[in-house]
1. Quick one: how many residues across region 6-58 are closer than 24 Å to residue 83 by Cα, in contact with a helix residue (DSSP H, G or I) (Cβ under 7 Å, 6 or more places away or on another chain) and among the aromatic types (Phe, Trp, Tyr)?
2. For residue 24, which of the numbered conditions (1) part of a helix (DSSP H, G or I); (2) under 21 Å from residue 75 (Cβ atoms); (3) of a type outside the set (Ser, Thr, Tyr) fails to hold?
3. Out of curiosity, is residue 71 surrounded by 14 or more Cβ atoms within 10 Å (Cβ to Cβ) and modelled with pLDDT under 85?
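The values are calculated or read from the model by the stated rules, or taken from the named source; none is laboratory data. As the structure is a prediction and not an experimental result, all values here were calculated from the model. Cβ coordinates were reconstructed from backbone atoms using ideal geometry, including for glycine residues, and neighbour counts include every protein chain displayed.
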Amino acid sequence: MIKKFAIGVSSALIVLGFLNFFVPIFKVPIPHSLLHIVVGALGIMLSVKGIYLSFIKWLGIVSVILAALGFMGIDNIFNVLKLGIFNYWFYLVIGLLSIWVYISEKQQLKGN
């Protein structure tokens with residue numbers, strides 16, 4: 001389950017990154033779009049190599065931190081991550097789902 005989740009989230013990040021180039025509905029800077037593509041590609045690569053658990057953990061942590069920064073009003077990080085309200089909620093949902101999947105998998109591994 002967790003490997004499919006990691007590949008699914010990674011694929012969504014890649015699609016979102018490319019979508020920002022052709023359909024600029026979210027109005028994010030090019031480096032932000034490139035970051036989505038790179039993180040998505042990294043996630044797929046790590047998932048294929050079997051390192052998906054670490055990827056999901058760190059994706060969850062970083063996403064929740066980005067969401068928290070956005071909700072606190074810090075909406076421009078290094079002039080790369082210009083966050084809007086959609087981004088806050090997107091990162092919060094992805095982050096919480098990733099952390100939930102990670103914790104669920106760790107508990108299941110302990111039970112076996």
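1. Number of matching residues: 4.
2. Every listed condition holds for residue 24 apart from (1).
3. Numbers: surrounded by 14 or more Cβ atoms within 10 Å (Cβ to Cβ): yes; modelled with pLDDT under 85: no.
Criteria not met by residue 71.
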